[in-house]
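**Student:** Structure incoming, see below.
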Amino acid sequence: MKILLAACNAKYIHSNLAVFNLKACAKEYDSNVVLREYTINQQKDDILKDIYRCHPDVICISCYIWNITFVRELMQDLRKILPDVPFWAGGPEVSYDAEEFLKKNPAFDGVMVGEGEETFLELVKHYMNGSPSLEKTTGLVYCKPDGTIQNNGWRQIMDLSRVPFAYEDLKDFENRIIYYESSRGCPFSCSYCLSSVDKKLRFRDLELVKKELQFFLDHKVPQVKFVDRTFNCNHRHSMAIWRYIKEHDNGITNFHFEIAADILNEEEMDLLATFRPGLAQLEIGVQSTNIQTIHEIDRVMDFDMVTQKVQRVASAENIHQHLDLIAGLPYENLESFKKSFNDVYRLRPQQFQLGFLKVLKGSKMHEKAGEYGIVYHTRPMYEVLSTNWLTYDEVIYLKGIEEMVEVYYNSCQFRCTMLALEAEFDTPFAMYEALAEYYEENGLN
């Protein structure tokens, strides 16, 4: 019996922590579980050939907004050459509308909903030993032989410390980003984010975390990217990890954390100021500085406090900061967005990301899209086209601004020039506006 775990990543440098966790949880059947990673930039025929030559008895594949279209097309063709092999999907893109997904995608036999580690282990046992039965396996939604769909409901969340370490062998991760998880869930309720659906925040045991971080340090991994939704939401947890990576710094490894800047405290900022340049980088989601918008999306953020903390961290000149905005949020019209842009830009982060709202299945934003007049793409990535406050013309306009920010700010190639050019404009946004208009008028896009 061979059970294939497949992932289609966005880029070669990415890896899929989820499928490695699933394989680690089924370690007792290690010789029967085969893992394959591909990218959505590969030719589908090459992936079909590789999967076919694996001769799998069962196929399980992870689904996200960036790969679901690719995966659906791939599995439709794979079904033609492997007509008798059960196909299972998992991941956030299929968990929240599993029954509808199965109705629309007959190539699939079932979906593992929610956290998949324990569900996958039971599924492996089912195919290996016949027990437990599918009917008795929580976390599955699947098609029965008579064509009806059986929904066994979501499994209770698991203790994160029970998930085995996924990276005992690093030979498959050369030149790739290592993703690591020290907590699951989020204490906040941002309406555009799926992390807000599950309020049960839990942490991995700190002694386990330290042991695993030491493994990365010993192997001189270039970058470890924490996927914790708000890394510093628990002071004791964040301080223990930050102290550890400072005390055991190998001079090479960089650690990436997604944090809420406004809740950084004095002790944390004092510690961060002592880090080796390049040891850590911080990603900070501002999203908007419009108070009404922040309130409407159930976000807790004090931008004045964010400003103070970001500037304090920046003053040590040792930590890369990446700040985000989202266009298309409720009550954010073009003028409001310009203000948000200028507010964040003036903090001069090393990276400034201008993104666009994605209306994710299962999120509160998805439920309220009609109320907000949000029109968005039918196809993934479900990106905003217009709202009650932002026309499609204005969305297109902001796309031009986004491109100029990427080319002239985030590329870091024109720092002196851009500082000089800013002096010719009333606001930073006005400068990028002029650049975007110049590109448009001269066909440079």
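The values are calculated or read from the model by the stated rules, or taken from the named source; none is laboratory data. Only a predicted model underlies this, so the values are computations on that prediction, with no experimental measurement involved. Here Cβ is always computed from backbone atoms with ideal geometry, including for glycine, and neighbour counts include all displayed protein chains. Heads up: the accessible areas ignore ligands, DNA and RNA and are worked out on the full protein's heavy atoms, side chains in. Shrake-Rupley method; radii C 1.70, N 1.55, O 1.52, S 1.80 Å.
**Student:** When the helices in the chain are scored as -39500 (n - 2.57) per DSSP H run of 4 or longer and the sum is shared across all residues, what 222 nm value do you end up with, to the nearest 500 deg cm²/dmol?
**Tutor:** -11000 deg cm²/dmol
**Student:** For the Cα atoms of the chain, what angle does the longest principal axis make with the long axis of helix 235-247, in degrees from 0 to 90, nearest 10?
**Tutor:** Approximately 80 degrees, to the nearest ten.
**Student:** Here's something else I'd like to know. Filter the cross-link list Lys103/Lys136; Lys225/Lys309; Lys27/Lys210; Lys125/Lys225; Lys49/Lys104 down to pairs whose alpha-carbon distance in this structure exceeds 27 Å.
**Tutor:** With Cα atoms farther than 27 Å apart: Lys125/Lys225.
**Student:** Please calculate how many Å² of accessible area the chain carries per residue, with a 1.4 Å probe and no DNA, RNA or ligand atoms counted.
**Tutor:** Here the residues of the chain average 46 Å² of exposed surface.
**Student:** What dipole magnitude, in Debye to the nearest 20, does the range 48-147 give about its Cα centre under +1 on Lys/Arg Cβ and -1 on Asp/Glu Cβ?
**Tutor:** Computed about the Cα centre, the dipole is about 340 debye.
**Student:** Still on this structure, I have one more. When the chain is treated as a GNM, springs tying every alpha-carbon pair under 10 Å, which of Asn16, Asn290, Asn129 comes out with the largest mean-square fluctuation?
**Tutor:** Greatest mean-square fluctuation among the candidates belongs to Asn129.
**Student:** Can you give me the solvent accessible area of Ile319 with a 1.4 Å probe, rounded to the nearest 10 Å²?
**Tutor:** 10
**Student:** Of the heavy-atom accessible surface of the range 286-445 (probe 1.4 angstrom), what whole percent is carbon and sulfur?
**Tutor:** Of the solvent-accessible surface of the range 286-445, carbon and sulfur hold 50 percent.
**Student:** Label the range 1-124 by shape, choosing from rounded, prolate and oblate, from the square roots a ≥ b ≥ c of the eigenvalues of the Cα gyration tensor; if a/c is under 1.5 it is rounded, and otherwise prolate applies when a/b is larger than b/c, oblate when it is not.
**Tutor:** rounded
**Student:** Sticking with this one: I need to check one value: relative contact order of the chain, counting alpha carbon pairs closer than 8 Å and at least 6 residues apart, in percent.
**Tutor:** Once divided by the residue count of the chain, the mean separation gives 10 percent.
**Student:** Let me ask something else about it. Which value, in debye to the nearest 20, describes the size of the charge dipole of the range 1-109 about its Cα centre when Lys and Arg Cβ atoms bear +1, Asp and Glu Cβ atoms bear -1, and nothing else is charged?
**Tutor:** So the magnitude is around 200 debye.
**Student:** Please build a GNM for the chain, connecting alpha carbons under 10 Å apart, and tell me which residue among Gly91, Gly110, Gly400 fluctuates the most.
**Tutor:** Gly400
**Student:** With springs only between Cα atoms under 10 Å apart, run a GNM on the chain and tell me which of Glu394, Glu283, Glu317 wobbles the most.
**Tutor:** Looking only at Glu394, Glu283, Glu317, the biggest GNM fluctuation is shown by Glu317.
**Student:** If you don't mind, there's one more thing I want to ask. So how tilted is helix 206-218 from the main axis of the chain? Cα-based, degrees 0 to 90, rounded to 10.
**Tutor:** Between helix and principal axis, roughly 80 degrees.
**Student:** Would you work out the charge dipole size for the chain about its Cα centre, treating the Cβ of every Lys and Arg as +1 and the Cβ of every Asp and Glu as -1, and quote it to the nearest 20 debye?
**Tutor:** I would put it at about 1220 debye.
**Student:** Right, another one. Between the alpha-carbon centers of the range 276-333 and the range 86-140, tell me the distance in whole angstrom.
**Tutor:** 38
**Student:** Ordering Glu332, Glu371 from largest to smallest accessible area (1.4 angstrom probe), what's the sequence?
**Tutor:** Highest to lowest solvent-accessible surface, that is Glu371, Glu332.
**Student:** Which lysines, on any chain, are close to Lys338 with Cα under 21 Å apart, when same-chain ones fewer than 8 places away are left out?
**Tutor:** Cross-link targets: Lys358, Lys399.
**Student:** Roughly speaking, what is the centre-to-centre gap between the range 409-442 and the range 230-251 when only Cα atoms are used, to the nearest Å?
**Tutor:** So the separation of the two Cα centres works out to 37 Å.
**Student:** Also: Cα gyration tensor of the range 56-140, axes a ≥ b ≥ c as square roots of the eigenvalues: rounded (a/c below 1.5), prolate (a/b > b/c) or oblate?
**Tutor:** oblate
**Student:** Keeping every protein chain in place, order Arg79, Arg204, Arg236 by accessible area at 1.4 Å, biggest value first, i.e. largest first.
**Tutor:** Values: Arg79 45, Arg204 15, Arg236 170 Å².
In descending accessible area the options line up as Arg236, Arg79, Arg204.
**Student:** Post the alpha-carbon centroid distance, the range 146-195 to the range 52-77, in whole angstrom.
**Tutor:** The distance from the Cα centre of the range 146-195 to that of the range 52-77 comes to 19 Å.
**Student:** Hey, another quick one. Where does each of Asp218, Asp302, Asp249 land when they are ordered by accessible area, with a 1.4 Å probe and the largest first?
**Tutor:** Asp218, Asp302, Asp249
**Student:** So for the range 167-275, taking the charge dipole from beta-carbon charges (+1 Lys/Arg, -1 Asp/Glu), which of Leu213, His237, Cys190 sits furthest toward the positive end?
**Tutor:** Cys190
**Student:** With every protein chain present, what accessible area does Glu335 have (1.4 Å probe, heavy atoms only), rounded to the nearest 10 Å²?
**Tutor:** Its accessible surface works out to 120 Å², give or take rounding.
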